[in-house]
Amino acid sequence: MPLLWYALLGLLFAGYLVLAGYDYGVGLLLARCDTPAAHRARLTALGPFLLGNEVWLVAAVGILFGAFPTLEGELLSGHYPAVAGALVGVILVTVGVQLRSRPTAPAARRGWDRVIVAGSALATFGWGALLAGLLQGLPIDATGHVTGQTHLATPFVAATGLALLTLAAAHGATFLTLRLPAADAPATARLARRLLVGALAAVATATALGLLSDRVRAATHQPLPAVLLVVALVGALLAARAALRRGRPGVALAATGATLALPVALVGAARWPAALVSTVDPAATVTVTGAAASGPTLQLLGWLLLPLLPALLGFQAMCWWVFRGRTDGRAPVYW
């Protein structure tokens, strides 16, 4: 039972990164827009999906709080700067998108655009730092509590945060290739291909720093799955670039989405059966079973989740079906 809930937690958080990843990616790309019309076109392409995508984060947090109360406490306290920064970023993006169209002054709209860019950068970097912090372990002492926050100040954490930021930017550009008017698709596809090269370099840098880090090596209990998932991530980046070159943005979007889901799977698989690895006292390492709530609590949560999960998936599928075309009304080529 705990394994099932742990997998569900990872699935929901991975789904959030995949879906909200192109929200933040589009937000990051506003920094490259030269005209107000380009800003409006990108936000129009994104608009129908924004709030629905963030529901996945709410669902993941609900599972974390209900099914893993021990994990929730130490995970958040051990990564407070990263989580707080990411949540501030989420709020800034939502507020910026909602309020950008209210003011009529161009200067005010440019100000809200900067808020969206800053929020997107904070959100993506913060979630990347959280994943990196989990992968390299935490200083959990014999009392079972995390001591300090300096464990996040490492080159590996910084590189992973930047890698997730570049992955989101490439994902957002690929999403725009699918959604913007057909006349804009070739230029957007070229931008996406360049960003994929940058993302590949960022992933390679983070991987190299992880291999050189004593903390990461010590916290990795399952090295083979970790290596295979890194290889799969690189393969997804290459597949996305090839699909864009062939004019298949739908395939490319699925591939870039995989690049944002695979890091979550990597973190979960590399540390198994541990949920939180202690770098101070091995006896303080928290296992998935030890972090889970009691059996009756998990059963009750299961009955509550049973109608909610299909509703969440159905709502997401409905959004994509209703808004499946380009913003100029033309149908894109998915495959």
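The values are calculated or read from the model by the stated rules, or taken from the named source; none is laboratory data. Because the structure is predicted, anything quoted here is derived from the model rather than measured. A quick note on method: Cβ atoms are made from the backbone with ideal geometry, for glycine too, and the neighbour counts reach across all protein chains shown. What goes into the accessible areas is simple: the full protein's heavy atoms, side chains included, and nothing from ligands, DNA or RNA. Shrake-Rupley method; radii C 1.70, N 1.55, O 1.52, S 1.80 Å.
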- Checked pairs for segment 263-284, first farther than 24 Å from residue 165 by Cα, second surrounded by 23 or more Cβ atoms within 10 Å (Cβ to Cβ) and aromatic (Phe, Trp, Tyr), C-beta under 9 Å and 6 or more apart or across chains, list as 275/68
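Give me the helices (runs of 4 or more DSSP H) completely within segment 128-237, filtered to those with at least 2 residues that are more than 23 Å from residue 253 (Cβ to Cβ), open to solvent by less than 50 Å² (accessible area, probe 1.4 Å) and modelled with pLDDT under 90, ordered by residue number.
214-219
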- Go through segment 63-81 and count every residue that is small (Gly, Ala, Ser) and either within 17 Å of residue 277 (Cβ to Cβ) or in contact with a Lys or Arg (Cβ under 8 Å, 6 or more places away or on another chain) (or both). 3
- Query: Which of the following residues is open to solvent by 10 Å² or more (accessible area, probe 1.4 Å) and closer than 19 Å to residue 215 by Cβ: 283, 265?
  - Reply: 283
- Would you say residue 247 is open to solvent by 20 Å² or more (accessible area, probe 1.4 Å), over 18 Å from residue 200 (Cβ atoms), touching a residue at least 60 places away in the same chain (Cβ under 8 Å) and over 19 Å from the mean Cα position of the chain (by Cα)? yes
- Look through 88, 97 and report the one residue that is touching a residue at least 12 places away in the same chain (Cβ under 8 Å), open to solvent by less than 40 Å² (accessible area, probe 1.4 Å) and β-branched (Val, Ile, Thr). 97
- segment 253-284, residues that are of a type in the set (Val, Ile, Thr) and touching a Lys or Arg at 6+ places or on another chain (Cβ under 9 Å): 277, 279
- The helices (runs of 4 or more DSSP H) lying wholly within segment 1-77 that contain at least 2 residues that are modelled with pLDDT of 80 or more, open to solvent by 40 Å² or more (accessible area, probe 1.4 Å) and farther than 22 Å from residue 167 by Cα are 2-29, 50-67
- Given the structure, is residue 316 open to solvent by less than 30 Å² (accessible area, probe 1.4 Å), assigned to a helix (DSSP H, G or I) and within 29 Å of residue 61 (Cβ to Cβ)? yes
- Filter pass, residue 300 being open to solvent by 60 Å² or more (accessible area, probe 1.4 Å) and more than 25 Å from residue 228 (Cβ to Cβ): yes
